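Accompanying notes for the structure given below.
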Amino acid sequence: MKKITLFFLLIFSQISFGQAKITENEKLIATCKVWGFLKYYHPKVANGDFNWDNQLLENLPKIEKAQTKAEFSLVLENWIDDLGAIKEIAPIIPSKDVEYFDKNFDLSWINSNKLFSKKLSKKLKFIEKNRFQTNEEIGPGYNPFKNGNYFDLKYDNKNSKILWLFAYWNLVEYFFPYKYIMDQKWDITLEKALPLILDAKNDDDFYKATRKISAKLDDSHVELAVYKNNKFEASRRYFPANCKIIDNKMVVTEILADSLAQAYNLKVGDVITKIDDKTIPEFISEYRDLYAASNEPALLGKVVRKILTGNEDNVNVEFLKDGHYETKAMTWFNYHDSHRNEFKKGARKKKEKFKVLDNNIGYVDMGILKSANVPDMIEALKSTKAIVFDMRNYPQGTYDDIAKFLNAHEEKFVIYTYPDFNYPGKFYWTEGTNCGSENKDNYKGKVIVLLNEESISQSEWTAMCFQTAGNTTIIGSQTAGADGNVTELDFKLFHTRYSGIGVYYPDKRETQRIGIVPDIEVKPTIKGIQEGKDEVLDRALVFIETRI
């Protein structure tokens, strides 16, 4: 009796599967995963034997016609069969020297997807076990689009938009090292992104959708630049100063064009509350879903840069001064305006690469110090009791030269995870990078590193290097939380990127999203800026003298 019941249940489940209806979104989401999987796993597809983009475009009409789960699975099964037989090479035995990082890896959908027939799941599982293998060395700077061309996409064409989404989503799915620490699961992003892409009516709609998708990477390295006539947009207008958001207000921190600032009585410390009647919190809320950032300080930095640029010449800016609100009608200027030269001149006011402060304390501006300047810097500061390395900027590749001066021994300061192209989705640990050398005459004074949200990538990486000196103190606030190299992605009329390798301390502590954690946290205040203070540097000088 039990056998008869089981038999009828099996027959019923097969009939139910064959008749079950399927929505367009369900079909496209499942197709995206299968297409991407075959792109990187199927030996012939990954080898470049097929124009895989065209294969998708040719099969989308068949997928659209499928009305049931059984019909849908059959389309995919036939597609796989048409690619030809796969040589059985399983089991693929991993090298004993490889230590895998598996937090991004998940192919469970092959067996758990309710849209797939058992036959389809079995075919996909066979491909995983007998996947594409390569001897090519894959590392930073690899070209993930070697088997695709995305310059001819038509963003007003449904299938072209689908192709772009599939290509981008699968790149992140298999080769973005930090998928596992996104706030929103990447599968959910696909579900939400699909209608955004399909509903895009024009280029602007499409670019806004892509911003929303890329923002979900939660990676400060991610940018999206739109081209016009193969150049970046050239009609931008600029506020004549740099600013920082503090307590939901925007405060002027640096004047970039003196004459323009004088024309509007603009000074460091001025507080801005509105731009064209929109408050700073409203800007933050609007841009939160459009700009990728590893953490809140990095997001606010991107929001500021967006607020301070626009396409309009005339802008109303509301200031808060002495408890009173005052709106000024300002004129902002573009790159090609004569005032733009003054912007550049103001932004590049001559700064000292290094100097000796009071009480025999050295100071180094890491944003402008170059390798050629390091010997002179060492000679000038070697007898100081402490050196402050200001990395609230982007260093110029001087880490190793300076580390040989600071360190008594060679030390490993960072290790990486690289994508494994022989098992896409998996990453593997690398040996990492050392800095310093054997040096009995190394610097014996205190080493202070200043960091903030402007410290990104090489700044964070260099700070990790300097921490190996053993007498290093980090002072400041949370960094941008995006270390390592970037993978650059060019599409038709726009460009984007993401962090390409994982960066960790030698003990495997994470840096992505966390950044470099300060030993002493100090954040600028509006009052301090108005008084002309550098509160972070001031705190460093107090620490040097008191150790507290």
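The values are calculated or read from the model by the stated rules, or taken from the named source; none is laboratory data. What you see is a predicted model, and the numbers here were worked out from it, not measured in a lab. Glycine gets a Cβ as well: all are built from the backbone with ideal geometry, and neighbour counts include every protein chain shown.
Some points to look at:
- From K370, K351, K345, residue being out of contact with any Asp or Glu (no Cβ under 6 Å at 6 or more places or on another chain), at pLDDT below 95 and farther than 28 Å from T273 by Cβ: K345
- Qualifying residue in region 448-460 (condition: surrounded by fewer than 24 Cβ atoms within 10 Å (Cβ to Cβ), outside any loop (DSSP other than H, G, I, E, B) and touching a strand residue (DSSP E or B) at 6+ places or on another chain (Cβ under 6 Å)): no
- Options A469, A480, A540: the member that is farther than 19 Å from S457 by Cα, crowded, with 21+ Cβ neighbours inside 10 Å, in contact with a helix residue (DSSP H, G or I) (Cβ under 8 Å, 6 or more places away or on another chain) and not β-branched (V, I, T): A469
- In region 492-548, the residues that are small (G, A, S) and at pLDDT below 95: G500
- Counted residues, region 50-97 - those being modelled with pLDDT of 95 or more, out of contact with any helix residue (DSSP H, G or I) (no Cβ under 8 Å at 6 or more places or on another chain) and β-branched (V, I, T): 1
- The set of residues in region 488-523 that are touching a Lys or Arg at 6+ places or on another chain (Cβ under 7 Å) and either surrounded by 23 or more Cβ atoms within 10 Å (Cβ to Cβ) or over 30 Å from D420 (Cα atoms) (or both) comprises I520, V522.
- Residues considered: G445, G425. Of these, the only one that is in contact (Cβ under 8 Å) with a residue 24 or more places away in the chain and under 30 Å from Y41 (Cα atoms) is G425.
- The single condition among (1) at pLDDT below 95; (2) part of a helix (DSSP H, G or I) that G141 does not meet is (2).
- When residues of region 419-448 are limited to those that are among the aromatic types (F, W, Y) and modelled with pLDDT of 95 or more, the one farthest from S499 (Cα to Cα): Y443
- When D490, D441, D507, D538 are screened for being acidic (D, E) and in a helix (DSSP H, G or I), only D538 passes.
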